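What follows is a set of notes on a single structure, which appears directly below.
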Amino acid sequence: MSTVGELLVILISSSLVSNVVLSQFLGLCPFLGVSKKTNTAAGMGAAVIFVITLASAVAGLIYKYILQPFHIEYLQTIVFILVIATLVQFVEMFLKRYMQALYKALGVYLPLITTNCAVLGVALTNVQKEYGILTSIVNGFATAVGFTIAIVILAGLREKMEYNDFPESFKGMPIVLVTAGLMAIAFCGFQGLL
């Protein structure tokens, strides 16, 4: 059982210190693809928070109560991908029905949450570090919050950069990659927290 202090350390570590996008470089496709507008980035972040948090809980329960007792841990990757795909389908159906503007804005990147390596990476990390169910949920939530922080910051910067004059060779994706690299360097400053 994890103490509140341990959970707080995991919360800060997974969201800021070991940011899934800026230090582990997982989930770069939606990070670069959906970060053109802050409202779209925030919507993607909310969807990722929902999927990663629930996937961490469900994957942890399945691993602990089905895969381990039957000694079929080798199926974890396949099972986790199925769990993630199911959750993404629920998110997609919900957004299509109740938030059509966000559904259209996210476009192809919404179903790509299924193949977002950050989501699978969190589930596998929880198993590797032998986290309990509550700790897995906190780690998943914190990782997703870190993803959301990074994508919203990049979207805000991209909105500001839209009106700047750059040399021709830096226009478009090159300046976005330079900005993402500078963000990664800036997030290295959080390593002194823990």
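The values are calculated or read from the model by the stated rules, or taken from the named source; none is laboratory data. Just so it is clear, the structure is predicted and the values come from calculations on it, not from any experiment. Using ideal geometry, Cβ is built from the backbone for each residue, glycine included, and neighbour counts are taken over all protein chains shown. We work out accessible area using only protein heavy atoms, side chains counted, and drop any ligands, DNA or RNA first. Shrake-Rupley method; radii C 1.70, N 1.55, O 1.52, S 1.80 Å.
Observations on the model:
- The helices (runs of 4 or more DSSP H) found entirely in region 38-147 that carry 2 or more residues being small (Gly, Ala, Ser) and surrounded by 15 or more Cβ atoms within 10 Å (Cβ to Cβ) are 38-62, 117-128.
- Flag for residue 105 being within 14 Å of the chain's Cα centre (by Cα) and among the small types (Gly, Ala, Ser): no
- Given (1) outside any helix (DSSP H, G or I); (2) open to solvent by less than 80 Å² (accessible area, probe 1.4 Å); (3) in contact with a Gly (Cβ under 9 Å, 6 or more places away or on another chain), index of the condition residue 24 fails: (2)
- Failed criterion for residue 175 (all others in (1) closer than 19 Å to residue 37 by Cα; (2) out of contact with any Phe, Trp or Tyr (no Cβ under 9 Å at 6 or more places or on another chain); (3) part of a helix (DSSP H, G or I) hold): (2)
- Single residue of 35, 18, 23, 14 found to be touching a Cys at 6+ places or on another chain (Cβ under 9 Å) and within 30 Å of residue 160 (Cα to Cα): 23
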